[in-house]
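Each reported figure results from applying straightforward, stated rules to the coordinates on display, with no laboratory input. Computed from a prediction, not measured in an experiment: that's the story for all the values here. Neighbour counts run over all protein chains shown; Cβ positions are idealised from the backbone, glycine included.
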Amino acid sequence: MGRPGRFLMAEQLVMAGVRHVFGNPGTTEQQFMDVLHDYPQLQYVLALHEAVALGMADGYSRLSPVPAFVQLHITVGLGNAMGMLYNAWRTRAPMVIYAGQHPLAGGLQEPILSGDLVSMARPYTKWAVEVTRAAEIPMALRRAFKVAMDPPQGPVFLSIPADVMDEVAEASIAPLQPTYSWVPPQGEAVAKAAAILCQAQAPVIVAGDGALGAEEELTSLALLIGAPIYVAFGTRVPVSSDNPMYAGPLNVLSWNALRAQLGGADALLAVGCPLFPALSPLPASPLSPGCRIIHVDDAPDELGKTWLTEVPMLAAPKEALRVLREEVAKSITLQAGHRAQERVEALTKAKEEARRAAQETVPRSSKGQAMPPAHFAYELSQAVDRDSLLYDESVTVAGHLMRFLRLGPGQHLRAAGGGLGTGMGAPIGLKLAQPQRPVIAVVGDGAALYTIQALWTAAHYQIPVTWVIANNRSYRILKLNMLQYRGEAGKGRPFIAMDLIEPEVDFVALGQAFGVKGVRIEDPDELAPAVRQAQASREPWLLEVIIDGSVDGG
Ligand SMILES: Cc1ncc(C[n+]2csc(CCOP(=O)(O)OP(=O)(O)O)c2C)c(N)n1
């Protein structure tokens, strides 16, 4: 017996394992909103702006075994979500986005709000399509989830016209069948890569999101060949802060700094990341001529894309690392092994010294002066629950946090797509995906204001996230970049549109307006107790911390 498309849709979603719908509704989705009454398994999580919905989905998708599911309202809802959709696409967040469309019948009249949704979504999704028959809704959904999950993962878009949701049709509902997509490394590539690593005098490893879940394999290879592990700019730090071979994040802001990190390498093993994720085009490769590149990823498009790569290896990173280690262990000479051990000792010692120096040189606040960002990051990192998932959109504080935080692999999540605005929504998604873990977000004041209404969602559904707003009352990074652009000659010139003053934004009052308790902190001694109290609470909290925004020191 046939059923309306909206029922087929809801049943397929339930069957797929969807538990939450992140969205903001409109009349073109009323069929979907109506059918939700009959499917309490699907909890609607209302966002007051589509950027918040996408942000929540982004966070959720990082931890959930099933892609996040998003509902948007036709052309304007999708339009509002575009910036965050771009982020999701850049950072490969698996999500399925559905937007309603006007009925197919009469669509040529171009009613208000109609638009070419599929063309809008196509550049930033893996697959974008309009479903025009109710009978095809379940199949289209199953395919959408499959495409979102297939490596490399990413967002997918479905437009479904209102009359298709009401059309009666027969279709079978079926569970998802995830693709068996584990690609083993090819023997020839492994042999070539192992030979390069065995001969290297100064190998370096760069690990990205694709190396998540492979810390053991990464570390044991790094220890064997004596290579530091840098972490590429990505969404989750794949190694623990205490990993003896972890040398810190790869610099994405300055070619000189990147060159200082990688220029001495004679072999580079990049795992699960693009080469090289940077915020501006690089004037040249940061590697020295002759440095041999091995690149392992499950995204064929990334391999050999820009820089000459001697061994581009399409493979599941974890397995590739395991096999590569075995091969290196078999073929490394005694002498090369000794030299590798010497490098390991030197690296461990340097890491210890750097850590001690970082602790000793934390700038402390002096009475009556705003808290230096490094001091803020230090106090915060001391207080954060070690089990936390920490979402980081703290912009100019992020470097300090990377130095001081002590978290396990995958616990430090970062806003890596480039578009500001995930810091308020994403932690809500994290909490919904893993309710048993404490979730804390550190967000710049500028970044927070793109999606501040996420606080209402947290209050409404009582989702206990702790937000720490790093309030320097400015777009500090833009000022720093401007200083670099202007050079010496431009010193002292005012900055246009980079100060968030007159009036200063009162985040605690904003939190209250949205139903979230908050406290303003200016004294660094008050920070740690406030963080502990907020993290122990069953309610969402907002801690507004006033920090120094000066740029004099560069
Ligand atoms: C959606 C979006 N709009 C504008 C920008 C440009 N932008 C990059 S960083 C930044 C300021 C960030 O300020 P804040 O979050 O307060 O951090 P701070 O630099 O002060 O540490 C802006 C406006 C962007 N990246 N994304």
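Numbers for the structure displayed
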| quantity | calculated |
| --- | --- |
| Globularity index of region 3-169, i.e. its alpha-carbon radius of gyration over 2.2 N^0.38 Å | 0.92 |
| Loop chymotrypsin sites (Phe, Trp or Tyr not before Pro), region 128-194, which have at most 12 other Cβ atoms in a 10 Å radius of their Cβ (DSSP) | TYR180, TRP182 |
| Debye-sum result for the chain in log10 I(q)/I(0), which assumes one identical scatterer on each alpha carbon, at q = 0.06, 0.10, 0.12 Å⁻¹ | -0.32, -0.88, -1.19 |
| TYR44-LEU253 FRET efficiency (beta carbon distance; Förster radius 35 Å; 0.05 resolution) | 0.30 |
| The chain, dipole about Cα centre (Lys/Arg Cβ +1, Asp/Glu Cβ -1), debye to the nearest 20 | 1020 |
| Value at 222 nm in deg cm²/dmol, rounded to 500, when DSSP H runs of n ≥ 4 in the chain each add -39,500 (n - 2.57) | -11500 deg cm²/dmol |
| Extended-chain gain in nm, criterion 0.36 nm per residue less alpha-carbon gap, GLN512 and ASP552 | 11.0 nm |
| Sequence ranges 497-510, 535-548, ranked by mean other-Cβ count within 10 angstrom, highest first | 535-548, 497-510 |
| Translational diffusion coefficient (Stokes-Einstein; Kirkwood radius from C-alpha pairs) of region 187-356 at 20 °C, 1.002 mPa s, in µm²/s | 136 |
| Amide hydrogen neighbours beyond the local backbone of ILE521, cut-off 5 Å, H modeled | GLU544, VAL545, ILE546 |
| MET482 paired with TYR180, simple spin-label distance in nm, labels 7 Å along Cα-to-beta-carbon | 5.9 |
| Share antiparallel - DSSP beta bridges, region 3-169, percent rounded to 5 | 10 |
| 3J(HN,Hα) from dihedral phi, region 238-249, Karplus parametrisation 6.51/-1.76/1.60, rounded to Hz, x for glycine, proline | x, 10, 7, 4, 8, 4, x, 9, 6, 9, x, x |
| Burial ranking of peptide ranges 53-65, 255-267, 122-134, 354-366 (average Cβ count within 10 Å, highest at the top) | 53-65, 122-134, 255-267, 354-366 |
| Antiparallel bridge percentage (DSSP; both residues within the chain; nearest 5) | 5 |
| For TRP127, distant residues with modelled amide H under 5 Å away | PHE157 |
| Nearest-20 debye value, region 1-64 charge dipole, Cβ charges on Lys, Arg, Asp, Glu | 160 |
| q = 0.18, 0.33 Å⁻¹: log10 I(q)/I(0) that the Debye formula gives for region 23-64, counting C-alpha atoms only | -0.60, -1.07 |
| Label-to-label distance, nm, for residues given as ALA357 and ARG406 (7 Å Cα→Cβ offset) | 2.1 |
| Computed magnitude of the charge dipole of region 187-356 (debye, nearest 20; Cβ of K, R +1, Cβ of D, E -1) | 440 |
| From phi via Karplus (6.51, -1.76, 1.60), per-residue ³J(HN,Hα) for region 407-415 in Hz, x at Gly/Pro | 9, x, x, x, 7, 9, 9, 10, 7 |
| Cleavage-rule hits, GluC sites (Glu not before Pro), region 270-328, DSSP coil, Cβ neighbours within 10 Å at most 16 | GLU310 |
| Charge dipole (the chain, unit charges on Cβ, about Cα centre) - positive-most of GLN484, SER331, ALA128 | SER331 |
| Rough spin-label spacing in nm, given labels placed 7 Å along Cα→Cβ, for VAL519 and ARG364 | 2.2 |
| Share of Cα-Cα pairs in region 343-389 lying beyond 13 Å, as whole percent | 67 |
| Chain lengthening between SER280 and GLU216 when straightened (0.36 nm per residue, less Cα-Cα) | 19.8 nm |
| 5 angstrom amide H check on GLY248, placed H, neighbours 5+ away | VAL231 |
| Gain upon complete extension [ASP116, ASP150; 0.36 nm per residue less C-alpha separation] | 9.6 nm |
| Trypsin sites (Lys or Arg not before Pro) within region 265-347, DSSP loop, no more than 14 other Cβ atoms inside 10 Å | LYS305 |
| Tensor-based shape of region 396-445 (alpha-carbon gyration tensor, a/c under 1.5 rounded, otherwise prolate or oblate) | oblate |
